[in-house]
Amino acid sequence: MAGMSKLPAVYRHGFMLASSMALSYWVTVKWLRERSKQLLAKDINSSIKSHLTKQDQNVAVDKKFFRKLIILLKILIPRVFCGESLFLVLVAISLVARTYADVWMIHTTTSVESAIIGRSSILFKECLSRFAYAMPLLAFVNNALKYTVDELKLRFRKRLSLHLYDQYLKGYTYYQINTLDSRISNIDQLLTQDVEKFCTSVADLYTNISKPCMDIVIYARKLSGTIGLSGPSLLVLYLICAGLVLTRLRRPIGRMTVAEQQFEGEFRYVNSRLVTNCEEIAFYNGSRREKMIIRDGFERLIKHLRSLIIFRLVMGCIDSVIAKYISTCVGYYVVSRPFLDPRYARHTRSTYNELLEMARLFYHKPQFAILDECTSAVSVDVEGFMYEYCRTVGITLFTVSHRKSLWKYHEYCLYMDGRGSYSFKPIDEHTSEFGS
């Protein structure tokens with residue numbers, strides 16, 4: 001210090017300034033280096049820890065899942081009368097219209113094929129013109145369904161996103177989640193991509209459940225009028241059993257989908273971390289380490305996606321066999337029973353005879369007719385059409401039957417007990433209806 005005091009003041013001040021700058025530089029470099037190590041260790045540890053803990057989570061459709069789903073549905077649909085409820089109803093109406101449009105298309109296509117096989121130019125032109133007139137309506141029905149589903153997804157996303165951002169930006173929640181609480185990682189992905197996928201999945205789940213149910217009800221009703229209730233019942237029973245089997249086999253897809261989103265989020269996070277800390281990484285020449293971290297996350301993602309693709313390949317083959325090919329065989333069997341089974345053949349002949357007798361009745365139009373179990377081999381809707389037509393053209397009917405469904409087409413009841421006694425009285429609300 002004595003030697004320094006002999007130096008000129010300008011040198012002395014310059015030396016002190018250089019020493020302080022060097023000390024400041026050394027302290028800054030040391031702090032940045034330690035900070036970078038801490039960030040790197042935190043990122044690696046959090047990535048590994050989240051990867052291990054999230055893989056151990058049990059993802060299943062259980063009571064806990066449904067409780068959480070109900071909470072989210074209350075956010076998506078807060079009231080009975082709201083925009084989301086309106087579009088739920090519109091989607092249901094569009095699904096019903098789409099199903100009836102499909103039934104009409106099947107009937108029209110069959111008529112066109114019959115006209116071609118029968119070489120009937122008049123019937124062919126009539127069916128073709130009817131199809132041409134219906135084209136705009138069919139196009140509107142198909143696109144109306146797409147519009148209502150897309151609008152429902154958009155409304156769900158808006159409702160859920162606004163709710164989550166209100167909670168996320170309430171007070172210092174955003175700061176606590178990002179700095180103090182490590183339970184939630186990749187918050188940017190959760191608030192953007194995951195919300196969009198969840199809302200899309202909920203809307204698709206609604207349509208994927210309601211559309212098959214409506215199809216089953218409508219097609220079963222149409223089919224039961226032709227071959228009876230046993231055919232549709234067998235088909236519905238097979239669909240239920242096949243659905244249970246496929247649901248059991250698809251259980252791993254839930255865990256694999258959750259793991260996919262976690263790997264995607266981690267891969268996005270390490271890339272965003274590189275952008276955030278690029279200056280420090282470049283200063284300490286940490287590109288090699290960052291490359292290792294990014295490639296490690298990317299390799300884990302690719303490995304998981306490849307296993308997911310293989311699982312979907314196997315499930316696709318099983319799904320095609322159970323839900324497509326075997327169900328087609330069951331459908332052929334149900335349709336062919338009236339023609340190949342002797343018992344059904346007798347039932348078909350009986351149905352044909354009953355319809356032929358009713359056709360004669362409709363042609364002659366007598367004042368009254370006595371019908372003895374004339375609708376025992378036909379369906380309830382065909383039976384109702386027959387009796388309504390007889391009432392319309394003024395035919396008085398005396399019916400002997402064990403069907404309860406025929407009471408509403410009559411005004412008086414004649415009951416004989418088999419011992420010589422009888423009762424004849426009008427049918428009213430106090431009348432005890434018997435039969436099956």
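Quick check: anything in segment 314-324 open to solvent by 60 Å² or more (accessible area, probe 1.4 Å) and modelled with pLDDT under 85?
Within segment 314-324, one or more residues are open to solvent by 60 Å² or more (accessible area, probe 1.4 Å) and modelled with pLDDT under 85.
Of everything in segment 179-189 that's free of Cβ contacts under 8 Å to residues at least 24 places away in the same chain and assigned to a helix (DSSP H, G or I), which residue is nearest to GLY254 (Cα to Cα)?
The selected residue is ILE187.
Just wondering, is there one or more residues in segment 158-168 that are touching a residue at least 40 places away in the same chain (Cβ under 8 Å) and touching a Leu at 6+ places or on another chain (Cβ under 8 Å)? I'd like the intermediate steps shown before the answer.
First pass over segment 158-168, keeping only residues touching a residue at least 40 places away in the same chain (Cβ under 8 Å): 159-160, 163.
Subsequent filtering for residues that are touching a Leu at 6+ places or on another chain (Cβ under 8 Å) retains 159-160.
For segment 158-168, residues touching a residue at least 40 places away in the same chain (Cβ under 8 Å) and touching a Leu at 6+ places or on another chain (Cβ under 8 Å): present.
Within the bounds of segment 147-168, is there any residue that is open to solvent by less than 30 Å² (accessible area, probe 1.4 Å), over 30 Å from GLN189 (Cβ atoms) and out of contact with any strand residue (DSSP E or B) (no Cβ under 9 Å at 6 or more places or on another chain)?
Taking segment 147-168 as the starting set, the residues that turn out to be open to solvent by less than 30 Å² (accessible area, probe 1.4 Å) are 148-149, 152, 156, 160-161.
Then drop every residue that is not over 30 Å from GLN189 (Cβ atoms), which leaves none.
No, there is no match, as no residue in segment 147-168 is open to solvent by less than 30 Å² (accessible area, probe 1.4 Å), over 30 Å from GLN189 (Cβ atoms) and out of contact with any strand residue (DSSP E or B) (no Cβ under 9 Å at 6 or more places or on another chain).
Just one of (1) over 24 Å from the mean Cα position of the chain (by Cα); (2) in contact (Cβ under 8 Å) with a residue 24 or more places away in the chain; (3) more than 25 Å from THR108 (Cβ to Cβ) trips up TYR174, so point out which.
With (1) over 24 Å from the mean Cα position of the chain (by Cα); (2) in contact (Cβ under 8 Å) with a residue 24 or more places away in the chain; (3) more than 25 Å from THR108 (Cβ to Cβ) applied to TYR174, the lone miss is (2).
Within segment 386-401, is there a residue that is surrounded by fewer than 15 Cβ atoms within 10 Å (Cβ to Cβ) and modelled with pLDDT under 80?
Checking segment 386-401: not a single residue is surrounded by fewer than 15 Cβ atoms within 10 Å (Cβ to Cβ) and modelled with pLDDT under 80.
The values are calculated or read from the model by the stated rules, or taken from the named source; none is laboratory data. Everything quoted here is computed from the prediction, not taken from an experiment. With ideal geometry, Cβ positions are generated from the backbone for all residues, glycine too; neighbour counts draw on all protein chains shown. We work out accessible area using only protein heavy atoms, side chains counted, and drop any ligands, DNA or RNA first. Shrake-Rupley method; radii C 1.70, N 1.55, O 1.52, S 1.80 Å.
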